[in-house]
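Note sheet for the following structure.
The values are calculated or read from the model by the stated rules, or taken from the named source; none is laboratory data. Model, not experiment: these values are computed from the prediction. Positions of Cβ are backbone-derived with ideal geometry, glycine not excepted, and every protein chain shown enters the neighbour counts.
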Amino acid sequence: MKTLLAETAERAATYLEGLKGRRVAPTPGDLAQLEELAGPLPEEGAEPAALLAQLDRYGSPATVGSAGGRYFGFVIGGALPAALAANWLAGAWNQNAGLEIASPVGVRLERVALGWVRELLGLPSSAQGVFVTGATMANFSALAAARHAVLEKAGWDVAAGGLFGAPRVTVVVGEEVHVTLLKALSLLGWGREQVVRVPTDAQGRMRADQLGELGGPTIVCLQAGNVNTGAFDPARQVCERAHGAGAWVHVDGAFGLWAHAAPGRRHLTEGVEQADSWAVDGHKWLNVPYDSGMAFVRDGEPLRAAMAGAERASYLPISGRGEPTEYAPELSRRARGVDAWAALRSLGRSGMADLVERCCYLAARLAERLRTGGCRILNDVVLNQVLVAFGSDERTRRVIEAVQRDGTCWCGGTVWHGTAAMRVSVSSWATTPEDIDRSAAAILRLAAE
């Protein structure tokens, strides 16, 4: 075992070191070689070192270099060295962090990490947090708590009676709501046709003046960090309106809530602390390995009521100190708090602020390089997101395809207010000014060609 793990570490280190020189996306030939890992299940098992060598030989070249500094797709962070190392150690521990008795260290580090994150994000000290897989399940968990709370206020126990015959709940979102929040709503029994959509401005911010009349059981969903532009909904104004009508306010802040950790960006998050629940990702701007999401609820009781269930298995001991499984959708769960604890402990408050500010600076640097080169920047670059157009929609799509084929960097495509755009997200600790300049030069070269 010791020899095998040492070889694994050596292969992993070699892979990470090689990211600086390799193309970001795999070649068609690299992808074709994945067939070497397929075929029928062998009758006899393979020796572990041999299969590791095979996995590295054919698997590593077929990866997307998202752990390096020139991957700008979606909103995918890298993995900080301390977080990756802690993740490996936690994998060796193989802890089930659903119950304290099953993993005292996993549960303890989860509680510590959640407290640190709560403080960095400026959330109420009373807020109950829990680790989940990502923002989709964080939204799901927080909105399940919201559903329980607003229906309980209306005299309905949704845990006991379900949704059949329950009072109607109005769910309000902005026109630029993220699809994962809509997915969470659908999992909770609210179809997309039931959702009330509020108009947004040119940057994708919900227009508070268009919120309309609110009444009865209502949940208002805000966005902290538009996935295309990085813009923030006006949380203070919306919270005041919503709470005045007795509504619950939820904030989908998958990556944007981390802006609060940087003093220079904190103004963007003004008012989010007034909400009732929040969702945030760790595998985005905290730069921990996949997967890691967190849900926070101002009052933990609705979250516990939504997740714990009315009955407990007699063989599962409950400590009385708030078991993670009482607040999460899963019973069996990875010890995600270990990765987050290591990331935060390695960065400290100042390091987290620097990580956010550096990514924002690099995004603005890339936008300026491309603007100077004749490209059109479609958004106000207030955070780490950049939208770029290269002329007509057809030409923009051709440039995006060329960038992805070229491999110097990787950027995705989107449609913003009817216009095709290249979407850039700078989210990794590993990205340097040199990465930005090299990527900008490649994009401009390909656009010119």
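Selection of first residues in the range 228-245 that are touching a residue at least 40 places away in the same chain (Cβ under 8 Å) and of second residues that are assigned to a loop (DSSP other than H, G, I, E, B) and β-branched (V, I, T), restricted to Cβ pairs under 8 Å at least 6 apart or on distinct chains, gives the following pairs, ordered by first then second residue: T229/V382; G230/V381; G230/V382; A231/V382. Among the residues of the range 204-222, those identified as surrounded by fewer than 17 Cβ atoms within 10 Å (Cβ to Cβ) and either among the hydroxyl-bearing types (S, T, Y) or assigned to a loop (DSSP other than H, G, I, E, B) (or both) are R207, G212, E213, G215, G216.
Kindly indicate whether G225 is crowded, with 22+ Cβ neighbours inside 10 Å, at pLDDT 95 or above and either in contact with a Cys (Cβ under 6 Å, 6 or more places away or on another chain) or more than 24 Å from P124 (Cβ to Cβ) (or both). No; evaluated as a whole, the condition is false for this residue. Per this entry, V297 is counted among residues that are farther than 21 Å from V426 by Cβ and modelled with pLDDT of 95 or more.
Quick one: in the range 1-44, which of the residues that are within 22 Å of T408 (Cβ to Cβ), among the aliphatic types (A, V, I, L, M) and touching a helix residue (DSSP H, G or I) at 6+ places or on another chain (Cβ under 8 Å) is surrounded by the fewest Cβ atoms within 10 Å (Cβ to Cβ)? Among those that are within 22 Å of T408 (Cβ to Cβ), among the aliphatic types (A, V, I, L, M) and touching a helix residue (DSSP H, G or I) at 6+ places or on another chain (Cβ under 8 Å), it is L31. Consider the range 272-309. How many of its residues are among the hydroxyl-bearing types (S, T, Y) and crowded, with 24+ Cβ neighbours inside 10 Å? Going through the range 272-309 one residue at a time, the tally reaches 2.
When the criteria are applied in full, R349 fails the requirement of being of a type in the set (K, R), in contact (Cβ under 8 Å) with a residue 12 or more places away in the chain, closer than 30 Å to H417 by Cβ and surrounded by fewer than 16 Cβ atoms within 10 Å (Cβ to Cβ). Within the range 257-284, being aliphatic (A, V, I, L, M) and either in a helix (DSSP H, G or I) or within 11 Å of the chain's Cα centre (by Cα) (or both) holds for L257, A259, A261, L268, V272, A279, V280.
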